[in-house]
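Input: a single structure, listed below in structure tokens.
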């Protein structure tokens, strides 16, 4: 197998991540409408979003960085695991695929670390090890029991990616964009951390909602949005220049999350809470829509001002 280098060759590894995101949002919708639903997809909402979507996306980006054909087995297995979660197959099939994918993703990061002995890469090795631990433990435990492992995976990965992003030469227009995403994301992470520190592990549905979604939505997904204009061009070989339309998912995400969490703590999971939850779902759907808009406008601008739409480059 040769190393996939074109957008067409890498797209099959990216699509399962996108499908896991859509399935995860479908599951979220079912849970918002009926928290007691027995829908099998709703029951794996968290795993779909963290391992199926984020895990596949992150492992694909790292596989591209390693430039080794075998590394692409990691996003392939994680993507297949995400799809198996919603397919009519035994859950064990998906669990085994996710364990294998996380193990290979960890091996990819170890190979990257051996190449450069970089602190950010060894941090990502630790993060991937936590994802692997979560996948293994899910064979016997409930998802709620895996929260420390999944939180560690997301937080360590994002923080390491932020350090790498600081080494890039970015267009001046991206400064305010990155500042807004980073500040808002770290604020939500602080909310989750303080809530966990003061109140301990979540027991009530309201506290669970606060701690889980302030971390994974407010912090994790916010940073995914921030990194998109840099990571997607590297992975899919398409220019994704900064455009004001990218603010739409950001604003929707944080307004919806604030309404959701405040309403949940004040009055439980009633109509205002559901409104906030649906706004956050809309924000995550708006992300790919705004990205497509940026790609199309970027191509138009590239024909007129080629250098204005070039993606960020790593500084020497």
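Quick rundown of the values:
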| read-out | value |
| --- | --- |
| Residues of region 194-210 classified as surrounded by fewer than 17 Cβ atoms within 10 Å (Cβ to Cβ) and part of a helix (DSSP H, G or I), total | 6 |
| Test: residue in region 129-136 that is surrounded by fewer than 18 Cβ atoms within 10 Å (Cβ to Cβ), more than 17 Å from residue 224 (Cα to Cα) and touching a strand residue (DSSP E or B) at 6+ places or on another chain (Cβ under 8 Å) | no |
| Number of positions in region 137-148 that are over 13 Å from residue 208 (Cβ atoms) and surrounded by fewer than 17 Cβ atoms within 10 Å (Cβ to Cβ) | 5 |
| Selected residue [assigned to a helix (DSSP H, G or I), at pLDDT below 95 and assigned by TED's automatic domain parsing to the domain that holds residue 105] from 187, 144, 127 | 144 |
| Candidate set: region 24-43, residues that are touching a residue at least 60 places away in the same chain (Cβ under 8 Å) and over 14 Å from the mean Cα position of the chain (by Cα); chosen: the one nearest to residue 3 (Cα to Cα) | 28 |
| Residue selected from region 274-298 under the condition free of Cβ contacts under 8 Å to residues at least 24 places away in the same chain and over 16 Å from residue 226 (Cα atoms), by the criterion surrounded by the fewest Cβ atoms within 10 Å (Cβ to Cβ) | 296 |
| Cβ pairs under 7 Å, 6+ apart, first in region 190-209 and under 21 Å from residue 267 (Cβ atoms) and assigned by TED's automatic domain parsing to the domain that holds residue 268, second surrounded by 17 or more Cβ atoms within 10 Å (Cβ to Cβ) and modelled with pLDDT under 85 | 208/202 |
| Yes/no for residue 60 being without any contact (Cβ under 8 Å) to a residue 40 or more places away in the chain, assigned to a helix (DSSP H, G or I) and either on the phi < 0 side of the Ramachandran plot or out of contact with any helix residue (DSSP H, G or I) (no Cβ under 8 Å at 6 or more places or on another chain) (or both) | no |
| Members of region 222-258 that are more than 27 Å from residue 62 (Cα to Cα) and surrounded by fewer than 23 Cβ atoms within 10 Å (Cβ to Cβ) | 244, 245, 248, 251, 252, 254, 255, 256, 258 |
| Matching option when the condition is under 18 Å from the mean Cα position of the chain (by Cα), modelled with pLDDT of 95 or more and over 21 Å from residue 72 (Cα atoms), among 150, 132 | 150 |
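Residue-wise test of (1) under 21 Å from residue 16 (Cβ atoms); (2) part of a helix (DSSP H, G or I); (3) free of Cβ contacts under 8 Å to residues at least 24 places away in the same chain; (4) within 13 Å of the chain's Cα centre (by Cα).
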site	(1), (2), (3), (4)
212	no, yes, no, no
216	yes, yes, no, yes
221	yes, yes, no, yes
235	yes, yes, no, no
238	yes, no, no, no
242	no, no, no, no
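The values are calculated or read from the model by the stated rules, or taken from the named source; none is laboratory data. All figures in this text were calculated on a predicted structure; none of them were measured in a lab. Using ideal geometry, Cβ is built from the backbone for each residue, glycine included, and neighbour counts are taken over all protein chains shown.
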